[in-house]
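Here the structure comes first, spelled out in structure tokens, and everything after it is commentary.
The values are calculated or read from the model by the stated rules, or taken from the named source; none is laboratory data. Note that the structure is predicted; figures quoted are calculated from it, not measured. Virtual Cβ from ideal backbone geometry, glycine too; neighbours counted across all protein chains shown.
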Amino acid sequence: MLTAATLVGLQSVPGIALLYAGLSKKKYAVNTALMVFYAFAAVLVVWIVAGFNFGFESPTLVLDGLKILGTPTPAWGELVLSGQGQLLGSPTLNIPGGTLIFFQFVFAAITPILLAGAIIERMNFKAWMAFVPLWSLLVYSPVAYWLFAGGFLNQLGAVDFSGGYVIHVDAGIGALAAALAVGPRLASERRMEAHSLPLVLAGAGLVWLGWDGFNGGDPYGSSIDAAIAVLNTNLATAVSLISWMIMDMKFFKKPTLVGAISGAITGLVAITPAAGYVNGWQAILIGIASGTLPWLALYRLEPKLRVDDALGVFSTHGIAGIVGGLLTGVLANPAVTQYVTPGLTGAMYGNLYQLGVQALAALVVCVYDFLVTFGLLKLIGLFVPLREAPERLRVGDYEIHGEVAYSELLPASVTNEGKIELVKQVKDKKQGENERGETGEG
């Protein structure tokens, strides 16, 4: 379980950090990577202080028997326990409490990290520093409680095997709200300019293989459902990648590396809520859906929304997560679910209620996430500007952080060539002053 958690952590740092930095413009590579790096650290702190127990402890708010919110208390006592971890509504797990906390932390960490892709290249870093821990506590933890830890959506029958709703719909809808609240990039920069495809590929590879810890770790042991989840994850991802490439070739006349990576990401997202609930051919169906429907959302729906979602997080995570969650309600296969959730069946097997409750869960997460994210950012904006100043954005990383990813982006005055030129200018000036003094000029 610790190894699985580490694989998931590697998805964020360095996986998403490299992926997003490579997709950004060259002058924003440091800022983009630092947004990821900071978020990973900030979430861990808030997770131990209050986030874990808020998402996984006994309820503090219960309405008509439905568990609404956990208990936001510190979790450092659980770190030293030698006993077994336990999720609400689940049997005791054969892992220490500290292992459970760390495994759930890496899920919490990657969620705002994914959201960052919508607001790169313009958000004020100080505002981001305030936003991440608050959003993790107020958005991620409650949704995790509802769908991971026996909260009211679980009580109604909704399922999310490994975070299609809790992580990806959270990130995608939060990205849409954040992009609206923060506003668009500079008018001259509202396009994606991937400056380093090798970085993008390296990051995407870490994300893909790290996902084995994501979906394979959620059964909390080396079990048959873990093996099913890992195989389904890779199968759906491969099919989605190919499906996205076919869409690119159909409409854009050529396949692209960025497109193939986008298809892989949407496949990983869509299979996540269903990974341990379906068989192989059903995983293939999910891969086809995730390689086409999010493509349509990205290139047909998002332009109509007139929202500057820089890296298409709403489509590649939000829409893909909803697609996967709904298809879970259709395809949940009793021959597979017997290993993890006995009795779970989808509409395909006569249980229309499962599809309905999956749709309800998607609606609840979308509405709650959007409203809290938008409101939280507007509140932060009363104290800290949400956007970097235009003059700082025109320079990029050097103006924001005092460092750059590539030396050619340094101002001439701080490069060796610039220093040489500056020394030459000073010498020329002194020589001119001496000459004017000798001739009596000036």
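Taking the condition touching a Phe, Trp or Tyr at 6+ places or on another chain (Cβ under 8 Å) and in a helix (DSSP H, G or I), does I16 pass? Full working, then the answer.
Working: touching a Phe, Trp or Tyr at 6+ places or on another chain (Cβ under 8 Å): no; in a helix (DSSP H, G or I): yes.
No, not satisfied.
Within region 57-75, can one find any residue that is in a helix (DSSP H, G or I) and either in the same structural domain as F125 (by TED's automatic domain parsing) or out of contact with any strand residue (DSSP E or B) (no Cβ under 8 Å at 6 or more places or on another chain) (or both)? Write out each step before concluding.
Start the filter on region 57-75 by keeping residues that are in a helix (DSSP H, G or I), which leaves none.
Scanning region 57-75, I find no residue that is in a helix (DSSP H, G or I) and either in the same structural domain as F125 (by TED's automatic domain parsing) or out of contact with any strand residue (DSSP E or B) (no Cβ under 8 Å at 6 or more places or on another chain) (or both), so the answer is no.
Give me the residue from region 42-65 that is loosely packed, with under 15 Cβ neighbours inside 10 Å and more than 25 Å from the chain's Cα centre (by Cα) and, out of that set, modelled with the lowest pLDDT.
First pass over region 42-65, keeping only residues loosely packed, with under 15 Cβ neighbours inside 10 Å: 45, 58, 60-65.
Next cut, more than 25 Å from the chain's Cα centre (by Cα) only: 58, 60-65.
Values: S58: 83, T60: 89, L61: 90, V62: 92, L63: 93, D64: 91, G65: 92.
Of everything passing the filter in region 42-65, S58 is modelled with the lowest pLDDT.
So A238 fits all but one of (1) part of a helix (DSSP H, G or I); (2) over 20 Å from G287 (Cβ atoms); (3) free of Cβ contacts under 8 Å to residues at least 60 places away in the same chain; what number is the exception?
In the conditions (1) part of a helix (DSSP H, G or I); (2) over 20 Å from G287 (Cβ atoms); (3) free of Cβ contacts under 8 Å to residues at least 60 places away in the same chain, A238 misses (2) alone.
If I filter region 279-286 for residues that are more than 22 Å from the chain's Cα centre (by Cα) and touching a residue at least 60 places away in the same chain (Cβ under 8 Å), do I get at least one hit?
no
Report the residue count in region 194-222 for those that are among the polar types (S, T, N, Q) and closer than 10 Å to L23 by Cα.
Step one: list which residues in region 194-222 are among the polar types (S, T, N, Q), which gives 196, 215, 222.
Filter again for closer than 10 Å to L23 by Cα, leaving 196.
Number satisfying all stated conditions: 1.
What number goes with the only condition from (1) farther than 19 Å from H168 by Cα; (2) of a type outside the set (A, V, I, L, M); (3) surrounded by fewer than 24 Cβ atoms within 10 Å (Cβ to Cβ) that Q282 does not pass?
(3)
Touching a residue at least 40 places away in the same chain (Cβ under 8 Å), small (G, A, S) and not in a helix (DSSP H, G or I): which single residue out of A405, A335 fits that description?
A405
Given the conditions (1) under 20 Å from L10 (Cβ atoms); (2) touching a Phe, Trp or Tyr at 6+ places or on another chain (Cβ under 9 Å); (3) among the polar types (S, T, N, Q), which single one is not true for S223?
Every condition holds for S223 apart from (1).
Look at Y398 and say whether it is under 25 Å from E121 (Cβ atoms) and in contact with a Pro (Cβ under 8 Å, 6 or more places away or on another chain).
Numbers: under 25 Å from E121 (Cβ atoms): yes; in contact with a Pro (Cβ under 8 Å, 6 or more places away or on another chain): yes.
The answer is yes for Y398.
Just give me the residues in region 219-235 being closer than 17 Å to A332 by Cα and part of a helix (DSSP H, G or I), in sequence order.
Hits for region 219-235 are I224, D225, A226, A227, I228, A229, V230, L231, N232, T233, L235.
Which one is farthest from the chain's Cα centre (by Cα), of the residues in region 288-327 that are over 16 Å from I167 (Cα atoms) and among the β-branched types (V, I, T)?
The extreme case among them is I288.
Going through A359, A310, A347 one at a time, which residue ends up being of a type in the set (G, A, S), under 30 Å from P184 (Cα atoms) and in the same structural domain as P273 (by TED's automatic domain parsing)?
A310
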